[in-house]
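*Asks:* First the structure, then my questions, so here it is.
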Amino acid sequence: MRIAAGLTQKELARIAGVSQSLIARIERGTVNPRMTTLRKILEALSKVSKTNEVVEKIMTSPVISVQVDTPILHIIDIMDAKGISQVPVLDKNGKVVGMVYESTLLKILRTRKDLKKLIAIDIAEPPPPQIPKETPIPLVETLLLTYPAVLVVDRDGVKGIITKIDLVKHYVKSSSSS
């Protein structure tokens, strides 16, 4: 998001009122910052964003999700019926603990014969990035170049999901109306 905003770590740290070393550690994934710190960083990124449109405007909500103990065959039925290509896996508290993608299912189906014993947590991949609904739309583009989806969350859990097609539709709509 910092790179998409055209900022160096030092510039972002100055605008957000945090240290450059903290920004570096967050980017390396060696520290799990507090929500208040993340909010400061997000607000700083919002200030330099070229638009005030936020991801809440383009996210798909509600999000179809499954529990850790959902059988794989049921996940396949859900994804097929709803026409979706990924589904977040939630623990009993509603926290995202992973993601099941179509590609994950393909890998499993190629190698396993007895699918009846497998549940969501057995095949879940690490969750995608999770961002607050106030994140500027252009900042999510960088994430979607690397990840198939981004989850929009708040303290109460998952509020929305953004995929590449959501961003494409937004840009097409924006260019059509200008």
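*Asks:* If D77 meets every condition in (1) at pLDDT 95 or above; (2) open to solvent by less than 70 Å² (accessible area, probe 1.4 Å); (3) among the acidic types (D, E) apart from one, which number is that one?
*Replies:* (2)
A quick yes/no check of all residues on (1) of a type in the set (S, T, Y); (2) modelled with pLDDT of 90 or more; (3) within 18 Å of T60 (Cα to Cα):
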{"residue": "K117", "(1), (2), (3)": "no, no, no"}
{"residue": "P126", "(1), (2), (3)": "no, yes, no"}
{"residue": "T135", "(1), (2), (3)": "yes, no, yes"}
{"residue": "S176", "(1), (2), (3)": "yes, no, no"}
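*Asks:* Here is a further query. Please count how many residues of segment 105-127 are surrounded by 10 or more Cβ atoms within 10 Å (Cβ to Cβ) and within 24 Å of K92 (Cβ to Cβ).
*Replies:* Residues flagged as surrounded by 10 or more Cβ atoms within 10 Å (Cβ to Cβ) and within 24 Å of K92 (Cβ to Cβ) within segment 105-127 amount to 12.
*Asks:* To continue, here is another question. I'd like to verify a number: residues in segment 15-39 that are modelled with pLDDT under 85 and either surrounded by 14 or more Cβ atoms within 10 Å (Cβ to Cβ) or touching a Cys at 6+ places or on another chain (Cβ under 7 Å) (or both), how many?
*Replies:* 3
*Asks:* I'd like to know if segment 41-57 contains one or more residues that are over 16 Å from the mean Cα position of the chain (by Cα), among the basic types (K, R) and surrounded by 14 or more Cβ atoms within 10 Å (Cβ to Cβ).
*Replies:* Checked segment 41-57: no residue is over 16 Å from the mean Cα position of the chain (by Cα), among the basic types (K, R) and surrounded by 14 or more Cβ atoms within 10 Å (Cβ to Cβ).
The values are calculated or read from the model by the stated rules, or taken from the named source; none is laboratory data. Quick caveat, the model's predicted, so the values are computed rather than measured. Methodologically, a virtual Cβ is constructed for each residue, glycine included, from the backbone with ideal geometry; neighbour enumeration extends over all protein chains shown. With ligands, DNA and RNA removed, areas are computed over all heavy atoms of the protein, side chains included. Shrake-Rupley method; radii C 1.70, N 1.55, O 1.52, S 1.80 Å.
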